[in-house]
Amino acid sequence: MKGWFEWAYRDMLSFFPENVSTFGAQLDGLFTFVYWISVLIFILTYFLLIAFIIKYRARPNKKSYHFHGSNIVEFTWTILPTFLFVGIGLFSEDAWTKTKYQMKVPKPDVEVDVIAYQFGWQIRYPGPDGIFGKKDRFQMSKMNLFGIDSNDVNGKDDIIIENAQLHLPINKNIVVNLSTADVLHSFFLPNFRVKQDALPGKWIKVWFNGTKAGKYEIACAELCGSNHYAMRGEIFMYGQQDYDKWLDGKNKKMIELQQKQKAAELTLSDSTTTSQGS
Ligand SMILES: [Cu+2]
């Protein structure tokens with residue numbers, strides 16, 4: 001069978017993009033499990049619906065009758081779904097704990113900050129010193145979405161990436177500290193089976209471990225305004241060497257920039273002292 005029928009028949013599970021995350025297979029397994037339960041219930045309920053329509057259709061000499069309901073049937077349709085939902089809950093507990101519990105987030109090999117805004121993502125690396133500057137939410141502004149504390153020396157060399165491009169190594173535990181500068185957004189990495197809402201005023205830890213080098217999509221999965229669709233970013237996964245090369249390049253640029261700034265400040269202070277002296 002070709003054409004639309006084949007498309008309609010093809011099960012939705014094949015819509016998933018390639019999985020490149022260590023915990024992706026477990027989540028896909030859960031999805032498959034719930035998917036087939038839904039298919040089964042869909043077929044069962046529609047079979048019953050159609051059967052009842054046929055069995056109780058209007059016919060000559062057939063009188064309708066009235067009854068007040070059945071306790072047995074009502075208990076059954078309450079208890080069965082209860083068992084089903086509690087069962088799915090228990091069954092998925094392990095995956096949920098592993099991927100979402102803030103207490104269980106593994107020790108990061110690489111840690112970055114990601115902040116969402118209308119309409120894009122900014123990414124922050126700790127810079128040459130390897131230490132993030134402290135965040136102060138009262139210093140958050142359009143120019144300083146992360147609210148990097150201007151009094152913290154560790155923040156002076158932090159690297160901000162404004163074009164929503166995240167660069168990371170494979171086979172490492174990545175921890176993303178996620179927040180938003182305005183409304184709710186959702187940090188969605190389809191290939192990594194990661195989706196997490198970003199909440200204003202709260203930093204949430206998101207973790208994953210990528211298994212394959214390449215370029216993947218970052219999307220916003222929360223309808224956040226008129227340009228929601230434009231919140232598309234890219235995530236580049238490298239082998240360790242390539243990642244180090246990229247990071248070294250960024251850090252070097254930052255060191256150069258700081259040296260230039262220092263030199264500029266020195267000339268400035270020189271000229272002020274001269275002018276004061278004269
Ligand atoms: Cu958004």
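Before moving on, here are some points about what is shown:
- Boolean, R124 is of a type in the set (K, R) and touching a strand residue (DSSP E or B) at 6+ places or on another chain (Cβ under 7 Å): yes
- Of residues in the range 170-193 being in a strand (DSSP E or B) and surrounded by fewer than 21 Cβ atoms within 10 Å (Cβ to Cβ), the one farthest from the ligand (Cβ to nearest atom): V175
- Residues of the range 211-228 classified as more than 24 Å from L168 (Cα to Cα) and more than 9 Å from the ligand (Cβ to nearest atom), total: 1
- Odd one out for V112, checked against (1) more than 30 Å from L166 (Cα to Cα); (2) among the hydrophobic types (A, V, I, L, M, F, W, C); (3) touching a residue at least 60 places away in the same chain (Cβ under 8 Å): (1)
- Test for I161: is it at pLDDT below 95 and more than 22 Å from the chain's Cα centre (by Cα): no
The values are calculated or read from the model by the stated rules, or taken from the named source; none is laboratory data. Values in this document were obtained by computation on a predicted structure and should not be read as measured data. Please note: Cβ atoms are built from the backbone with ideal geometry, for glycine as well, and neighbour counts cover all protein chains shown.
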